[in-house]
Every structure is written in C-alpha cells, then in structure tokens.
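Asker: Attaching a single structure in structure tokens format; questions to follow.
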Amino acid sequence: MTQGRFITFEGGEGAGKSTQVARLVDRLQARGVDVTRTREPGGSTGAEEIRNIALNGDAGRWSPLTETLLMFAARSDHLEKTIRPALDEGRWVVCDRFADSSRAYQGAGGGAPADFIESLDVAIVAHTQPDLTLIFDLPVEVGLERAFGRGLFETRFESKGLEFHRRLRERFLEIAKENSDRCVVIDATGDEETVAARVWAAVEGRLL
Ligand code: TYD
C-alpha cells in the first residue's frame, strides 16, 4: 500500500488555522481521500494529557527547555499512536501544528537553543517529516486581536507580549525560506473563502 501524505498547518495566534484545517479535510474527503485530522500538542490519548500540563497554568510555568521536552514527549506519542499508523495505512494526515511550532514558540519565542530542538527532531520525528507545511502568515496585531476576540487567553502563549509574537512570525517566515521544498507561506489575511482558495492551490500544486 502506498504511504499517505502528511500535511501540517503552522503559524502564530489567530491565523484561522483550525477553520482551514476543517475545510481542507472536507475537500480532500470529497475527492475520495481518506484523511485523519489531528492536532498538536495532542492527537493521541497520552499526548492530550501532556497538552493539559503544557498549556495550562502561569505563563512562566515551564522553562523553555522543559517546555520543549514536553512538546516532543507529546509528539513522540502522537507519532507512534496516530500519525505513523495512519500514514502506513495510506491515509493522509492533516495536523494543526507540528515541530515548526516548537522551533518558533520554544526556540525563537522562549530561547531554547536551536541545536537542542533539531537534535530532538532528528531523534523523535526522524523520517516522518511533513510532505507539505502551510505557514499561515498575518500581522501580529491582527492575529492577536482575532485570538482575543475568541475569548481571553485560551493558552499560556496568547498572554505573552507583542515582542514574543513578533519573534514567532519572523521565525516561521525564516523556516519557510529555509525549507522551501516542503513549506508554502499562506497569506492569512482576507475572508475564509479567500484563504481556503490559497490553501487548496498550495495542496493541489504540491500534492495532487
Ligand atoms: P491551540 O489552542 O491549539 O492554539 P492555536 O489555535 O493557536 O493553534 O494551542 C496550542 C498552543 O501550543 C499554541 O499557543 C502554540 C503552542 N505550541 C507550542 O508552543 N509548541 C509546540 O510545539 C506546539 C505544537 C504548540
């Protein structure tokens, strides 16, 4: 059986990723593709438990190093229990956030050393790298306003300052440049339909 395809959605807060994940999954299913929709941190029973520990509590609860380990612990379980089994069955996996979020949030945002993150990526993600990563990009102020509109500070990260979120945006754009073979930047400004069309163009162009 052929391996499925692995698509990840990345970007800062309030970029509208989750809505677009749902729309892409529907559209792929309508084409007859078997799809597993998942998210990080989480996506398996153990990883969802780690998610609760990692995302709740005071903004400064974990050091960047500890936080990185929590994210990769969750990722390891998620890969073992959900992602690899699905890909091996030939299913496509669409994941809301993955390792680039660790590079941006724990690395650029929190200050965890890049080589520490890359060594974990080599050990844990290994050959299960995404076939396509969509990096949702929009001005930090617009994203935070959208995120806050949803209900104040859903996660510890939304409560961090503007500077933190600017570093995330810069890092995501840098990741896209450094990994142009797998990354496409999606302009996340505009209405849902417009952004969905950009997402579909990227998926069709790269994978279909
Ligand atoms: P979620 O509510 O799913 O946020 P969003 O809707 O913005 O995707 O919460 C996930 C949070 O976890 C988000 O603030 C980013 C953070 N995160 C990391 O810091 N590192 C990681 O490796 C991952 C996967 C997520």
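Asker: What are the residues in region 24-79 that are in a loop (DSSP other than H, G, I, E, B) and hydrophobic (A, V, I, L, M, F, W, C), if any?
Answerer: Scanning region 24-79 gives V33, A59, W62.
Asker: So, one more: Being open to solvent by 50 Å² or more (accessible area, probe 1.4 Å), under 24 Å from N56 (Cβ atoms) and either in a helix (DSSP H, G or I) or among the basic types (K, R) (or both) narrows it down to one of R169, R146, so name that one.
Answerer: Details: R169 fails: under 24 Å from N56 (Cβ atoms).
Result of the check over R169, R146: R146.
Asker: Looking only at region 177-190, count every residue that is of a type in the set (G, A, S) and closer than 16 Å to A15 by Cα and tell me the total.
Answerer: Result for region 177-190: 2.
Asker: Only one of these is surrounded by 17 or more Cβ atoms within 10 Å (Cβ to Cβ), within 29 Å of A202 (Cα to Cα) and away from the ligand (no atom under 12 Å from the Cβ): V21, V94. Name it.
Answerer: The unique qualifying residue is V94.
Asker: Which of the following residues is more than 17 Å from R51 (Cβ to Cβ) and buried (at least 24 other Cβ atoms within 10 Å of the Cβ): L120, L134, L138? If you could, list the steps in order and put the result at the bottom.
Answerer: Details: L120 fails: buried (at least 24 other Cβ atoms within 10 Å of the Cβ); L138 fails: buried (at least 24 other Cβ atoms within 10 Å of the Cβ).
It is L134.
Asker: Suppose we filter region 49-63 for residues that are under 29 Å from V122 (Cβ atoms) and either under 18 Å from the mean Cα position of the chain (by Cα) or open to solvent by 60 Å² or more (accessible area, probe 1.4 Å) (or both); how many remain?
Answerer: Number satisfying all stated conditions: 10.
Asker: Among D191, D96, D121, D115, which is of a type in the set (D, E) and touching an Asp or Glu at 6+ places or on another chain (Cβ under 9 Å)?
Answerer: From the options D191, D96, D121, D115, the qualifying one is D96.
Asker: For region 24-48, give me the residue count where each residue is within 15 Å of the ligand (Cβ to nearest atom), open to solvent by 50 Å² or more (accessible area, probe 1.4 Å) and either touching a strand residue (DSSP E or B) at 6+ places or on another chain (Cβ under 6 Å) or farther than 26 Å from L132 by Cβ (or both).
Answerer: Residues that pass the stated criteria total 2.
The values are calculated or read from the model by the stated rules, or taken from the named source; none is laboratory data. In this text the structure is predicted, and so the values were computed from the model without any measurement. In this analysis, Cβ positions are derived from the backbone assuming ideal geometry, glycine residues included, and neighbour counts consider all displayed protein chains. In case anyone asks, the SASA skips ligands and DNA or RNA and just uses the protein heavy atoms, side chains included. Shrake-Rupley method; radii C 1.70, N 1.55, O 1.52, S 1.80 Å.
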